[in-house]
Each structure stands twice: as structure tokens, then as C-alpha cells.
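Taking it in order: structure first as C-alpha cells, then the write-up.
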Amino acid sequence: MDIGGGWASVRCMSIITGRGDLGDTDLLFGKRIAKTSLRVAALGSVDEVNAALGLARAAGGDAEVIALIDAVQERLIGLMGQLACLPEDLGRYKYVALTPEDVNWVETEARQFEARGVKFSGWARPGAEGSLARAGLDFARSMARRAERSVLALHESGEEVPETVRLFFNRLSDLLWILARVETRDDKTPGASEVAQ
């Protein structure tokens, strides 16, 4: 994967570098920033969404949902690269950045699942259904809301965050809420799904 700027050399480095012992960390293109910065907080929030989606994915739920999770995770990896660039370096970033089409894609997926009959029927109690996949999706939804708050805080601080990124997390949290309402039962063919009644 070429994210622009020295990726080949990064692959050969040890994970344990000690470079962050004084409280700062690397961004792309040789820049460093405080670990307590709003930008690093936003990066961490996106990483949390990705990890929570991994829990839902590893739980082995519906094949259609797993494929959708994979597509979201691919976009999150590109997004983390975007956020790891200071505004003046963003033009140098060569990996795929989020576009308005990505926001539309998330919304379209959400509406397609919604059209199958998913409706709000009360506040969620994650884990109540006994499904690790559903609980993982609810956890990822809550992380997506945190990521949305983090990128908004970064944007409001004066470091512009593209509108596509801000909208992506708003739509993603809606999609994840809907997916967590989609039921996968053991008595069905693997990969088949129905909407929870």
C-alpha cells in the first residue's frame, strides 16, 4: 500500500521505537505532533471504530454484513491516512481519500436495509439478543458517534476537516444502528438474514 511518503521504510521499522516517550507522535511526511492534540484524538477515534467493527466481523454473522464491514474498514484505513496529514501536506497524500460518493454509498446501504423493515422500536440494549455480532455493531456505532464528535472538534478548532469526513461518520453511525437490528439466527443457512421483528 502506498500512502505517499516513505511507506516501504516504515514496514522495516520495529514497532517499539521509543519516539513517542516524550508525548509526541509521527504524522505522514515527517511531521510530528502532540499525542494530546485534537488531530491525534480524531485518529484514535477512527481506529476505535475500525477495531469495534473487527469484533463484529470476527463474531461470524451474516455474510452480507461482513462484506459491508470490510468495505467500511477499507475506507477507514484511507481516512486515517487523510487525518495523519497536516492540512498543508494533504495534497501529497496519494492513497484513496473519502469522497462524496462514499457518503452516498453509506446512506444508500442504510436505506436499502431500512427498506427491509428495520424500524425504531425503542432504545437498544446491546447484547440483549445474545449475538456477539450485533453487540459488536452497536459498539462500533457508539465509536462512530465518538469519531464524529472528534472530527467536528478538530474542524471547529480551525484545522479544516473535509465535509465528506464529517458527514461520513454521521451516516455510518446510522448504518451501524440499522445493521445491529438485522438478525442472524443459527437455524438458517449461513449468510442468510432477515430483519428482526
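Kindly check whether there is at least one residue in region 68-84 that is more than 16 Å from the chain's Cα centre (by Cα) and more than 22 Å from residue 152 (Cβ to Cβ). No.
Against the condition hydrophobic (A, V, I, L, M, F, W, C), under 18 Å from residue 163 (Cβ atoms) and at pLDDT below 90, how does residue 76 come out, does it pass? So residue 76 does not fit the description; no. Whether any residue in region 50-67 is more than 25 Å from residue 37 (Cβ to Cβ), small (Gly, Ala, Ser), in a helix (DSSP H, G or I) and within 12 Å of the chain's Cα centre (by Cα) is what I want to check. Scanning region 50-67 turns up at least one residue that is more than 25 Å from residue 37 (Cβ to Cβ), small (Gly, Ala, Ser), in a helix (DSSP H, G or I) and within 12 Å of the chain's Cα centre (by Cα). In region 40-56, the residues that are within 13 Å of residue 169 (Cβ to Cβ) and β-branched (Val, Ile, Thr) reach residues that are crowded, with 18+ Cβ neighbours inside 10 Å and at pLDDT 90 or above with C-beta atoms within less than 7 angstrom, at least six apart or across chains, in these pairs: 46/76; 46/147; 49/76; 49/140; 49/143; 49/144; 49/147.
The values are calculated or read from the model by the stated rules, or taken from the named source; none is laboratory data. Everything numeric in this text was worked out from a predicted model, so none of it was measured. Quick reminder, even Gly has a Cβ in these numbers, built from the backbone with ideal geometry, and neighbours come from all protein chains shown.
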